[in-house]
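What follows is a set of notes on a single structure, which appears directly below.
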């Protein structure tokens, strides 16, 4: 691939991935605003089985925004490596959190602000160090990659693990262990991203005038995508129905992105030509995003701001001072005990005087 063309495609994919996050993050705000307007009008809410939101233009604007975001995300995989596109999906959570604080009056505490900052920094690091060129340009190359022995072994293991989780572990522990359903979504999600990547390449070839529709691979990838996405939606909804959303979201992001990066490294071999510094930078950026998402979700109900920090510090200082006084008292008491054990009987007067000092203290 021409290096200049590869960088051009990279920036197109980057722009599509970022615009996807903006559209998807904004869609939640538009839908929420529409539902709140209906609630103020006294209409039956969606949670109660009402469908009045279908007449609210803000809700439809949110739905269209969500659709535009998903289309942009789909197209991004055709131009940029999955190593870059998938982790940038975290920006939609960031956009949603920031817009909620402005348009929905949902307070963003100090942990949330730090989490947003870390997510931005981690995304920037990943963009800088991500591979700039694609390893696959045509469906024929995609077919050869899918037939690679390393990927066949990986795919077989993933399918076996997924079936064991679905048929054996899920019915027994899915209701009590948050990791069961999330792991199913994540390992299946690795395949869905690969299918999207292949379909994106097929669409590029179709637009270039190649007879893509006669190739069996796009149809197989389409069927695989439908199966994978349906499974993901099913088990993610189960996890969200049983466990707290603020816990499910960050764990799912970490597991899903890790699975996608692993699958991408084995299938597309995007990491082979990357220098060690870029590999370390990409992983560091990903871990930074993980910490940011965790702070944003795990502590969103904690009331902590910059204004409350001096009060907290003063309380800690008082506790520390109190602890030093108690420590001094305990040290003096230990000294008295040692003297009592080591003094002769006629030294009782000195011990009594020391007891008086303790009482005064």
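Note the full-extension length gain between residue 167 and residue 153 as 0.36 nm times their separation in residues minus their Cα-Cα distance, in nm to one decimal.
Length gained between residue 167 and residue 153: 2.9 nm.
At a Förster distance of 41 Å, what's the computed FRET efficiency of residue 176 paired with residue 107, Cβ-Cβ distance as r, to 0.05?
With a Förster radius of 41 Å, E is 0.80.
Could you work out how far the C-alpha centroid of the stretch 141-202 sits from that of the stretch 68-124, in angstrom?
What the calculation gives is 24 Å, centre to centre.
In bins 10 Å wide, starting from 0, what share of all Cα pairs of the stretch 82-298 does each bin hold, as a percent?
Percent of Cα pairs in each bin: 8, 29, 33, 23, 6, 0.
Residue 230 to residue 302: extension gain in nm, 0.36 nm per residue of separation minus the Cα-Cα distance?
22.4 nm
Taking the Cα-to-Cβ direction at residue 124 and at residue 8 and moving 7 Å from each Cα, how far apart do the two end points lie in nm?
Calculated label separation equals 2.9 nm.
So if each residue of separation counts as 0.36 nm, and I subtract the Cα-Cα distance between residue 207 and residue 60, what length gain in nm does that give?
49.9 nm
Return the tail of the calculated pair distribution for the stretch 120-206, meaning the percent of Cα-Cα pairs more than 20 Å apart.
When every Cα pair of the stretch 120-206 is considered, 55 percent fall beyond 20 Å.
Values quoted throughout were computed directly from the atomic coordinates according to the rules given, and no laboratory measurement underlies them. Keep in mind the model is a prediction, meaning the values are calculated, not measured. All Cβ positions, glycine included, derive from the backbone under ideal geometry; neighbour counts span all protein chains shown.
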